[in-house]
Amino acid sequence: MKKIQLSVIILMFLMILSQAVWAETAETIKIGFILSRTGVAADGNVSLTQGLRIAVKEINDMGGVIGKKLEPLLFDNRSTPIGSKIATDRAVKAGVCTIIGANWSSFSLVAAKVAQANRIPMIADYATNSDVTRTGDYIFRICFTDPFQGKAMAQFARNDLETKTAVILKNVSSDYSMGLAQEFRKLFESLGGKILLELKYIQNEKNFRKLLEQTKQVSPDALFVPGQFESGAVVMQAQEMGITAIPLGGDGWGGTNFYKKGGSSMKLGYYSTHWSEESDRKISREFLKRLQAHGPVDAGTVLVYDAVSLLARAIEKASSSEPGKIRDALARTSNFEGITGSITFDENGDPIKDVVIMQIRDGKAHYLKTMEP
């Protein structure tokens, strides 16, 4: 029995050693990018792919990192949690040293478990649910968290808009929506506001009129809809029904699909996001000049760009493409100047950074203010 156990230990050691040697001698540095290329989230992921390709091209044109070119490998999660597990498993088998993704919190929570189990560092790009980075010490994120943006929107609703009552419409199929609703409610009530109703719907629902009838009956000052693109249909139907509550949302409102689904008809509304092209930061203005030939960009584009740039810096500081060394370098991140702001990771791998509040006027979003952590 002891001989068998010793043999197993030796085999495991040799496997780990061979992986480390492979990582250091590979001709390129493979990065796994988990995103939705098919399914309900696919349209909203186009801009993320754009951010990846632009960042990789810029880095490789300057000679790459530690003398090697970055090689992005894209894996489709098919817009489902199980698809994210399959995609992340494939990325691990392909020999990636780091994973970026997997967009929605529901997808990233699953991907993070696979990455942590295989000790591959992962940088969540657009997943704001707190539990993503709580998965383990190999998981980081480039975006802010639900607690921060939920609190920011509640504070903004109470202090800036002076609303006293609100109704929440949340997607119970989404970890993102549930988490954001919870944080908004806690702070809104602690600031003296009152949540009149908290109504539920499920993913792919299209008709929200029954929920909105209940909303209209209680006549709230604000209507908080922490969803993704379906939120556009919610606010459109609310306006058609004559609901005068001020629509509020999270960063899920920032994609083009939100406007395609009805957000373009919104007369007035507010949402939190990670970046605005109206930012007056020098690094942001220079970034936009470089990207003029690539077409319009959004917060997703910039978040992924920042994730790749941060990863490149970590590899440089580690002087290695070995996953464990990259993880250690990421954990030491402090004052990284990204397009979305200055980033310092806390003990959970979450960035300490600002949140931007956008105002929608006649279907178009405009920068309103920045709220500090």
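Only the coordinates and a few stated rules stand behind these numbers; no lab work does. These numbers come from a predicted model, not from an experiment. Heads up, the Cβs are rebuilt from the backbone with ideal geometry, glycines too, and the neighbour counts pull from every protein chain shown.
Straight-line reach from LYS260: which lysines have Cα under 16 Å away, leaving out those fewer than 8 places along the same chain?
LYS206, LYS364
At a temperature of 4 °C and a viscosity of 1.567 mPa s, determine how fast the chain diffuses translationally according to Stokes-Einstein, using the Kirkwood radius over alpha-carbon pairs as Rh; express D in µm²/s, rounded to the nearest whole number. Present the calculation step by step, with values, prior to reporting the outcome.
Details: Rh = 21.3 Å.
For these conditions, the coefficient is 61 µm²/s.
Between helix 231-240 and the chain, what is the angle of the helix's C-alpha long axis to the longest principal axis, kept within 0 to 90° and rounded to the nearest 10?
Its long axis makes an angle of about 10 degrees.
Could you work out the per residue convex hull volume over the alpha carbons of segment 147-273, in cubic angstrom? Provide the component values of the computation, followed by the final result.
Values: hull volume 10.8 nm³, N = 127.
Taking only Cα atoms, segment 147-273 has a hull volume of 85 Å³ per residue.
Give me the angle, in degrees from 0 to 90, between the Cα long axis of helix 175-190 and the longest principal axis of the Cα atoms of the chain, rounded to the nearest 10.
Taking Cα atoms only, the helix is inclined about 50 degrees.
For LYS30, go through the lysines and keep the ones whose alpha-carbon is under 27 Å away, minus same-chain ones fewer than eight residues off.
List returned: LYS57, LYS68, LYS69, LYS85, LYS93, LYS113, LYS317, LYS325.
Taking the alpha-carbon centroid of each part, what is the distance from segment 186-239 to segment 124-171 in angstrom?
17 Å
Going through segment 332-369, which trypsin sites (Lys or Arg not before Pro) have at most 15 other Cβ atoms within 10 Å and a DSSP loop state?
Working: sites: ARG332, LYS353, ARG361, LYS364, LYS369; in loops: ARG332, LYS353.
Answer in residue order: ARG332.
In percent, how large is the relative contact order of segment 147-273, given Cα pairs closer than 8 Å and 6 or more residues apart?
Details: 236 pairs, mean separation 33.2, N = 127.
So the answer I get is 26 percent.
Which angle from 0 to 90°, rounded to the nearest 10, does the C-alpha axis of helix 146-155 make with the longest principal axis of the chain?
The answer is roughly 20 degrees.
Longest exposed-loop-site-free stretch of the chain, with GluC sites (Glu not before Pro), DSSP loop and at most 11 other Cβ within 10 Å? Spell out each step's value before the answer.
Working: sites that count: GLU27, GLU162, GLU347.
By the stated rule (loop sites, at most 11 other Cβ atoms within 10 Å), 163-346.
In whole Hz, with x marking every Gly and Pro, tabulate ³J(HN,Hα) for segment 44-51 from phi via Karplus 6.51 cos²θ - 1.76 cosθ + 1.60, θ = phi - 60°.
Each residue's phi maps through the Karplus curve to give x, 9, 4, 5, 5, 4, 4, x Hz.
So what is the relative contact order for the chain, in percent, with contacts set as C-alpha pairs under 8 Å and at least six apart?
On the way: 766 pairs, mean separation 59.8, N = 373.
Dividing the mean separation by the residue count of the chain yields 16 percent.
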